[in-house]
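Okay, structure first, notes after.
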Amino acid sequence: MVDPLALSNIAPAAFEKPSAARLQVPQLGRRPRVLLLHGSLRQRSYSRFLTLEAARLLEAFGADTRIFDPSGLPLPDDAPEGHLKVEELRGLSFWSEAQVWCSPERHGAMTGIIKAQLDWIPLSIGAVRPTQGKTLAVMQASGGLQSFKRGQSAPHSRALDADDHHSQSIVRRESP
């Protein structure tokens, strides 16, 4: 478990751990389980970094976290359901009470990597949906031209594309 005092970006005096009594939730008798998914395979992925930071904060709040590594997960319908990575993902999905999904923005949407993970989580097994009754948080690492609407940025500003690490000029278009 992460010590809140080790989180340099949080003032310890402002860090108040939630309690089951304050949240009015039933006692679990253990730490809440949170599965985190990210949608990039790159070594220096901002969505993976954001997921790691979310896990660090959730652990500081008292959660038990697991981050699924999508490397080696086959495309849906391209491997049997008994594939080791598919079984790992499904097992973690059942294990969790909450999930955090984080994807970089790619062409204005989530990546195929996060979509493949979601597609492998079955819609139902018997009468139970693996996501039924679970809390979900969705995050996105975005940047670059696709993240800006025309006219939002200042002249001669530059944006770093969070997915591809390419700097691109963004020029404001003035209305006639």
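The values are calculated or read from the model by the stated rules, or taken from the named source; none is laboratory data. Not measured: the values here are computed from a predicted model. Neighbour counts are summed over all protein chains in view; Cβ atoms, including those assigned to glycine, are modelled from backbone coordinates with ideal geometry. Protein only, heavy atoms only, side chains kept; ligands, DNA and RNA dropped before computing areas. Shrake-Rupley method; radii C 1.70, N 1.55, O 1.52, S 1.80 Å.
Listed here are the residues, each with its yes/no results for (1) without any contact (Cβ under 8 Å) to a residue 24 or more places away in the chain; (2) more than 19 Å from Gly39 (Cβ to Cβ).
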site: Glu59; (1), (2): no, yes
site: Leu73; (1), (2): no, no
site: Glu87; (1), (2): yes, yes
site: Arg90; (1), (2): no, no
site: Ala98; (1), (2): no, no
site: Ser103; (1), (2): no, no
site: Ala137; (1), (2): no, no
site: Gln140; (1), (2): no, no
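For Ala60, are the conditions met, namely being in contact with a strand residue (DSSP E or B) (Cβ under 9 Å, 6 or more places away or on another chain), under 22 Å from Ile10 (Cβ atoms) and surrounded by 13 or more Cβ atoms within 10 Å (Cβ to Cβ)? Criteria not met by Ala60. Residues in region 11-33 include none that are at pLDDT 90 or above and within 19 Å of Gln140 (Cβ to Cβ). Residues of region 61-97 that are closer than 14 Å to Leu118 by Cα and small (Gly, Ala, Ser): Gly91, Ser93.
For region 67-117, the set of residues classified as open to solvent by less than 20 Å² (accessible area, probe 1.4 Å) and among the hydroxyl-bearing types (Ser, Thr, Tyr) consists of Ser93, Ser96, Ser103, Thr111, listed by residue number. Scanning region 35-70 for residues that are closer than 21 Å to Trp95 by Cα, at pLDDT below 95 and in a loop (DSSP other than H, G, I, E, B) turns up Gly39, Phe61, Gly62, Ala63.
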